[in-house]
Amino acid sequence: MPILCSSCGQKRAVLKRPKTGHSLCKECFFWAFEEEVHQTIVSAHLFNPGETVGIGASGGKDSTVLAHVLKVLNERYNYGLKLLLLSVDEGITGYRDDSLETVKRNQQQYELPLKIVSYEELYGWTMDAIVKQVGLKNNCTFCGVFRRQALDRGAMMLNVDKICTGHNADDVAETVLMNVLRGDIARLRRCTAISTASEGEGVVPRCKPLKYAYEKEIVLYAYFKKLDYFSTECIYSPNAYRGYARAFLKDLESVRPSAIMDVIHSGENLSVREGVRMPVQGNCTRCGYISSQALCKSCVLLEGLNRGLPRLGIGKHHRLHGKILAQEPLTQEEERKLKAIDF
Amino acid sequence: MCQVDEEYNEQLEKRTVPSVSQRCVKCKEGTAALIIRAGDAFCRGCFKDYFVHKFRAMLGKNRLIFPGERVLLAVSGGQASSSMLAQVQEGLSRNAPKKLRFTPGIIYIDEGGACGQSMEEREGVIAELETMFRATGYPFHIVHLEQVFDLPISVLEAVSSAPQRPEGSYKAAVEQFVQNARVKGSCSPGEGHMDPAVLDAQIQLSHLDTQDLANGTPPSSLQHQQDLERLFASVRTLTAKEDMLQTLRQHLIVHTARTKGYTKVMMGDSCSRLAVKLLSNISLGRGASLAVDTGFSDQRYGDVIIVRPMRDYSSKEIAFYNRMFGVPSIFIPGLDTKAPEKASIQHLTESFVTMLQADFPSTVSTIYRTSEKLHTARPPHSSEMETVAKCLLCLCALDTKEAEEASAFHATLVSERLSEKRVPESAQVGSASTADTVGQCCSSGVGQEGGCSSRGQGCCSSNLTPVTPDLKSLLCYSCRLTIKDMTGVESLPPYIVSEAERRHRRSQMKKEISEFLLDDEEDEVAAS
């Protein structure tokens with residue numbers, strides 16, 4: 001006996017929504033999914049008419065669905081946005097080059113302009129080269145820090161007003177758990193914000209229109225829409241510790257499907273006791289990018305790479321910032337510590 | 001993808017095998033008897049001093065328990081709370097330096113009825129605990145979970161606390177107390193546990209007290225036993241069952257404290273326990289009340305303050321202490337004993353934290369320290385407790401304000417609405433019908449309300465048929481989830497149902513007279 005769609009009550013339901021448990025037909029699911037993203041955009045005032053919005057596109061499911069939905073909604077509700085795709089080429093052979101092919105196809109399918117910025121042109125290092133020096137441990141630190149800045153730089157080249165990224169509800173919830181496990185109170189406070197306010201020079205505001213969309217629903221949406229996306233894990237392996245948080249969240253979801261939203265709700269309603277010391281935001285004295293230290297993370301990491309001391313940016317070595325700024329050599333003892341890579 | 005900047009300091013790295021030194025790190029003389037943390041080997045004597053000192057330091061630092069105050073110790077019979085009882089005994093003993101100065105009593109909640117224990121098992125446990133409690137000489141109260149069906153409505157009201165004692169009054173109170181103690185006979189019986197005669201009288205009194213409670217009333221009437229069974233049978237998930245049990249237990253403890261004249265309740269939550277609680281509360285959507293749920297003191301009930309003096313001890317330390325110094329404790333199977341890992345969110349979180357702690361020994365302390373940096377999201381507007389609407393069940397400030405801006409709560413409502421029957425004017429249903437789903441039940445629509453339609457009518461008619469009121473609008477985010485996992489709310493204890501009706505009537509009344517009220521300060525149903 002076919003189950004009828006709980007929304008229209010006429011067509012046969014083809015799926016059970018992971019988020020609410022309702023059985024829906026294809027059309028009603030599409031409609032609900034898109035409408036929810038629309039509600040998020042409207043209620044959080046993410047965009048203003050006439051803005052140029054860069055979509056951080058990796059070729060993966062999240063950003064592909066994001067690009068698709070934003071294009072649909074922009075036409076349906078006359079947001080008046082100029083959309084374009086923004087990709088970062090980390091220089092990972094066998095992973096990013098393939099996924100960028102997907103992005104290029106998306107560019108044609110959705111008729112959106114595409115800009116690719118590469119680590120190589122920005123920093124002079126590809127991830128492949130970095131991994132060769134750093135090893136497989138901690139390389140995500142480099143990639144993450146560099147990507148954040150690369151997106152900003154790309155956005156500025158194109159005069160983009162806002163960047164939106166494909167972070168979904170699972171990502172946000174996972175980050176909440178992760179920051180609790182690490183005791184990172186500053187990030188815990190920030191991580192549930194749907195958009196970053198414009199933080200001054202050199203930073204383009206970012207937002208997450210899919211913040212309340214379940215990862216599983218994104219896959220369902222892409223599947224039924226037959227969207228073209230690239231699905232391979234990065235060859236330089238996802239990080240172990242985040243993996244714990246991810247596995248835990250998946251388990252939570254299987255016990256109670258609303259748990260993902262519940263974790264986000266918790267995160268949104270946390271607040272930090274007064275008097276807890278918070279890092280102060282300033283600017284990097286070298287490149288001018290936002291930073292809570294004298295040097296931004298990306299400059300420190302780069303300096304480490306260029307000096308052949310990859311561990312300079314791993315962990316906390318604020319003491320050394322002065323020396324780096326003054327272009328002074330480090331002592332032998334300091335160098336010895338930073339060189340050591342354990343496999 | 002989505003790798004955010006992740007730097008791990010050494011603390012997260014895998015543990016190294018501790019080097020076992022044969023000498024105690026403290027006194028450098030005694031032979032090490034145990035290793036508390038990596039590298040810290042203590043001898044027996046130093047460990048005892050360290051453990052005992054920590055308890056008193058925790059109470060001394062927080063200055064919350066005044067001399068002579070009556071304090072109810074919530075003892076479940078488990079390791080942590082039994083250890084807490086032993087610490088109180090130690091601190092009150094005649095020869096203790098820096099003596100504690102409060103008057104303790106003990107409460108045990110018999111939950112066997114909810115956890116499927118037989119009557120014989122329950123009686124056996126109680127008999128064992130009674131021997132344990134009697135040995136302390138403190139008055140004790142054995143309360144059965146079934147007694148929630150006799151609780152009065154007043155449990156759900158946060159009584160405004162006694163006027164805050166001004167800063168520095170703690171010191172004055174201590175001095176006063178010491179002076180009183182010195183002038184023999186002049187002290188009032190409540191504070192007089194220094195005086196042997198009064199002490200004797202108290203012990204006698206306490207025995208009377210316990211007689212009355214333990215044997216005077218039958219363990220629980222058959223009717224209530226069935227009521228309790230029905231209540232827990234109506235809860236579909238173990239997650240919600242555990243949450244419900246926790247809520248009811250809390251109500252019983254607070255009620256007992258109030259009726260027996262205690263102003264503080266001590267809970268035995270250890271640091272390991274609190275880390276699990278913090279993480280599972282986040283997963284249950286209780287983020288807004290994390291600070292009250294896991295902090296040292298919990299003032300949500302107003303007149304009775306909950307304190308957690310064991311929060312600096314890890315469960316390992318406690319287990320070691322109990323074993324080395326012969327602190328008795330008993331094991332009582334709970335709801336999730338022997339349950340599979342994914343049986344409930346609480347159980348899953350516990351095994352997750354334990355697993356992570358084994359690989360990364362700083363897990364528990366890191367999570368625990370996170371809790372110290374938090375406080376409730378929406379601090380009450382003023383010091384007035386009443387102006388903030390409180391959850392019917394957990395008595396925390398409601399975190400379910402229907403807001404315009406994007407939030408997880410809002411998004412969930414939108415999703416539910418969009419997945420249900422589509423309303424004709426679909427384009428701008430926006431906020432209007434969202435409000436319906438939240439349970440402002442005065443909308444005419446019966447059909448749209450999938451959520452509470454099973455429970456029947458809106459509250460407009462509740463004056464006529466007040467059998468099953470809509471609870472949703474009176475609950476916080478997390479308690480809504482618990483109630484949602486129930487097949488019906490009819491089986492809830494009467495005090496909860498009647499209080500819900502009362503609040504609905506109040507808000508109904510207020511709505512009717514709203515145009516004549518001069519100050520439109522938003523105070524909701526909780527004001528009574």
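The values are calculated or read from the model by the stated rules, or taken from the named source; none is laboratory data. The model shown is predicted, which means the values in this text are computed figures rather than measured ones. Methodologically, a virtual Cβ is constructed for each residue, glycine included, from the backbone with ideal geometry; neighbour enumeration extends over all protein chains shown. Surface areas here come from the heavy atoms of the whole protein model, side chains and all, with no ligands, DNA or RNA. Shrake-Rupley method; radii C 1.70, N 1.55, O 1.52, S 1.80 Å.
Annotation: A:V131 fulfils all but one of (1) over 15 Å from the mean Cα position of the chain (by Cα); (2) modelled with pLDDT of 90 or more; (3) not in a loop (DSSP other than H, G, I, E, B); the unmet one is (2).
One line per residue, one yes/no per condition, for (1) open to solvent by 100 Å² or more (accessible area, probe 1.4 Å); (2) within 18 Å of B:K401 (Cα to Cα); (3) modelled with pLDDT under 90:
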{"site": "B:L474", "(1), (2), (3)": "no, yes, no"}
{"site": "B:T487", "(1), (2), (3)": "no, no, no"}
{"site": "B:P494", "(1), (2), (3)": "no, no, no"}
{"site": "B:E499", "(1), (2), (3)": "no, no, no"}
{"site": "B:E512", "(1), (2), (3)": "yes, no, yes"}
{"site": "B:V525", "(1), (2), (3)": "no, yes, yes"}
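Filtering the range B:177-187 for residues that are at pLDDT below 75, surrounded by 12 or more Cβ atoms within 10 Å (Cβ to Cβ) and polar (S, T, N, Q) leaves an empty set. A:G135 passes every criterion in (1) open to solvent by less than 20 Å² (accessible area, probe 1.4 Å); (2) touching a Lys or Arg at 6+ places or on another chain (Cβ under 8 Å); (3) more than 14 Å from chain B (Cβ to nearest Cβ) apart from (2). Scan the range B:294-307 and tell me whether some residue there is assigned to a helix (DSSP H, G or I) and open to solvent by less than 10 Å² (accessible area, probe 1.4 Å). Yes, the range B:294-307 contains at least one residue that is assigned to a helix (DSSP H, G or I) and open to solvent by less than 10 Å² (accessible area, probe 1.4 Å).
Inspect the range A:263-272 for any residue being modelled with pLDDT of 85 or more, open to solvent by 20 Å² or more (accessible area, probe 1.4 Å) and out of contact with any Cys (no Cβ under 7 Å at 6 or more places or on another chain) and give the result as yes or no. Yes, there is a match, as at least one residue in the range A:263-272 is modelled with pLDDT of 85 or more, open to solvent by 20 Å² or more (accessible area, probe 1.4 Å) and out of contact with any Cys (no Cβ under 7 Å at 6 or more places or on another chain).
Considering the range B:290-325, and only residues there that are in contact with a strand residue (DSSP E or B) (Cβ under 6 Å, 6 or more places away or on another chain) and over 23 Å from B:G60 (Cβ atoms), the residue that is farthest from the other protein chains (Cβ to nearest Cβ) turns out to be B:F320. Can you tell me which residue in the range B:331-356 is most open to solvent (accessible area, probe 1.4 Å), limited to those that are more than 11 Å from chain A (Cβ to nearest Cβ) and polar (S, T, N, Q)? Here the answer is B:T354. Among the residues of the range A:289-309, the ones that are of a type in the set (G, A, S), open to solvent by less than 30 Å² (accessible area, probe 1.4 Å) and under 23 Å from the mean Cα position of the chain (by Cα) come to 2 in all. Consider the range B:233-262 and keep the residues that are part of a helix (DSSP H, G or I) and over 21 Å from B:N281 (Cβ atoms). The one that is nearest to the other protein chains (Cβ to nearest Cβ) is B:A233. When each of B:I109, B:I126 is tested for being outside any helix (DSSP H, G or I), open to solvent by 10 Å² or more (accessible area, probe 1.4 Å) and within 30 Å of B:L222 (Cβ to Cβ), the lone residue that passes is B:I109.
Applying the criterion of being in contact with a Pro (Cβ under 9 Å, 6 or more places away or on another chain) and under 23 Å from B:L284 (Cβ atoms) to the residues of the range A:168-227, the residue that is farthest from the other protein chains (Cβ to nearest Cβ) is A:K216.
Applying the criterion of being in contact (Cβ under 8 Å) with a residue 40 or more places away in the chain and at the interface with another protein chain (Cβ under 9 Å from one of its Cβ atoms) to the residues of the range A:1-19, the residue that is most open to solvent (accessible area, probe 1.4 Å) is A:K19. Of all residue pairs spaced 6 or more apart or on separate chains, those with beta-carbon atoms under 9 Å, a first member in the range B:304-323 that is under 30 Å from B:S154 (Cα atoms) and a second member that is among the basic types (K, R) and outside any helix (DSSP H, G or I) are B:V304/B:K264; B:I305/B:K264; B:I306/B:K264; B:I306/B:R300; B:V307/B:K264. On inspection, B:T294 qualifies as among the hydroxyl-bearing types (S, T, Y) and under 11 Å from the mean Cα position of the chain (by Cα). Considered as a group, the residues in the range B:309-332 that are part of a helix (DSSP H, G or I) and under 21 Å from the mean Cα position of the chain (by Cα) include one that is nearest to B:C115 (Cα to Cα), and that residue is B:S315.
Among the residues here, B:G285 qualifies as in contact with a Leu (Cβ under 8 Å, 6 or more places away or on another chain), open to solvent by less than 10 Å² (accessible area, probe 1.4 Å) and part of a loop (DSSP other than H, G, I, E, B).
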